[in-house]
Amino acid sequence: MKVMFLDHDGVICLADNWEGRFKKKGFDSNPETPLDIRNDDFNKKAIIILNEIIEETGCELVTSSDWRRHGTLKQMQEMYITRGIKPPIGMTEFFSDLLQDGKVPGHFEFTFDNSLEIERSCEILHWLSEHPEVTHWVAVDDLNMTLNDSWGLENFVLTPRSREGIKQSGVKEKILKFLK
């Protein structure tokens, strides 16, 4: 199985979309309100690129975005469908839950500067450890989780420009290299 770990903000929800949820008709932060209304929109061109990658590779999506905090997997799946995207098969567990259950690798060195990146890396590595059927994978994020001496991800693509995300020149090709 091929898997793409997908962040939202800075990848498919770009800077121009941020805070757009407050402008939506019917916006309500009530957990019963659909995620599609409670969250910002995804960039239409980013959705096209994402769908091209999915079609070309047959990959599954796993949500690794902080948006996981705002709804269930079922709600996330419904939101993806309403936005024209194949629904995710799962979401990574939260770092705090992994830490509490003793599932965080001991060799990760935390510093104030990279704690979010380390947390996201641990969440993805844990998901992979629970799914040995994965043959190809890539994590796409605007947090820099590039492999270094003490932590990080080998199969990682950075989207450093928050207004371009997955649309940025060369990003699609980098993702495809990991999923083919």
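Structure values in brief
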{"item": "Long-range amide H partners of PHE156 with built H, under 5 Å", "result": "ALA139"}
{"item": "Chain lengthening between GLU93 and ARG69 when straightened (0.36 nm per residue, less Cα-Cα)", "result": "7.6 nm"}
{"item": "Three principal axis lengths of the range 49-98 [C-alpha, angstrom, descending]", "result": "35, 20, 15"}
{"item": "Using a Förster distance of 22 Å, the FRET efficiency for THR135-GLU78 (Cβ separation, nearest 0.05)", "result": "0.20"}
{"item": "Pairwise centroid distance, computed over Cα atoms, of the range 115-148 with the range 45-63, Å", "result": "18"}
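Read-outs throughout are calculated quantities, based only on the coordinates presented, and are distinct from any laboratory measurement. This structure is a prediction, so every number in the text was calculated from the model and none was measured. For neighbour counting, all protein chains shown are included, and Cβ atoms are generated from backbone atoms with ideal geometry for every residue, glycine included.
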